[in-house]
Amino acid sequence: MTAAPPPLLLSPDRIAMIGKGVSAIVASRDAALRPSLMRAVGTGISAEGSEITVYLARTQSRQLLQDLAATGHVAVVFSEPLSHRTVQVKAKAVRLRAADDSDLPALRRYLASMEHEVGCVGYGAVFVRAMLACELGDVVAVSFCPTEAFDQTPGPRAGSALPASSAAP
């Protein structure tokens, strides 16, 4: 007899929101609990939501990358600019690697999505391209399996843990 798989941490609609490419802010902390954070220049999520990858520009994220490597703790806030619908995920273990050519499709999808998302609130593609500009050789992929998820959409439920989803991916 095999055990039933654990319920999914993220519902299919939240996986879709993260997967389409929305604003992502990545954070960690050092041993003294001093925070570090930076805007991601790309994101990706597995179809079932069990693994998330965020991409950081090394030259802009030195302290954050140092903290991620030292503690493994990560928190990422994903937010739709137009609606402010927001979800936060956390984990206590990360894998860091240099981005390579295989990451280009995810980075390009993210840029195109952010051009659309930020365009919905009145900022042009030129602004988004400048905000997310970096060379592939400067990009670090940070992958993790989320262990906690929270609704961070402004309002009365902000900060509440998301119920695990039992829906199939």
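Report, in whole Å, the centroid distance computed from the Cα atoms of the stretch 94-126 and the stretch 18-48.
The distance from the Cα centre of the stretch 94-126 to that of the stretch 18-48 comes to 13 Å.
Of the listed peptides 109-116, 127-134, what is their order by residue-averaged count of other C-beta atoms within 10 Å, with the highest listed first?
Ranking, from highest mean packing down: 109-116, 127-134.
Please report the equivalent ellipsoid semi-axes of the chain, computed as sqrt(5 x eigenvalue) of the Cα gyration tensor, largest first, in whole Å.
24, 20, 17
So what are the ³J(HN,Hα) numbers for the stretch 69-83, from phi and the Karplus equation (6.51, -1.76, 1.60; θ = phi - 60°), rounded to whole Hz, Gly and Pro as x?
5, 6, 10, x, 7, 9, 9, 10, 9, 10, 9, 7, x, 6, 9
Taken together, the values in this text are just the output of simple stated rules run on the coordinates, not laboratory data. Given the structure is predicted, the values throughout are model-derived calculations rather than measurements. Backbone-built Cβ (ideal geometry, glycine too); neighbour counts: all protein chains shown.
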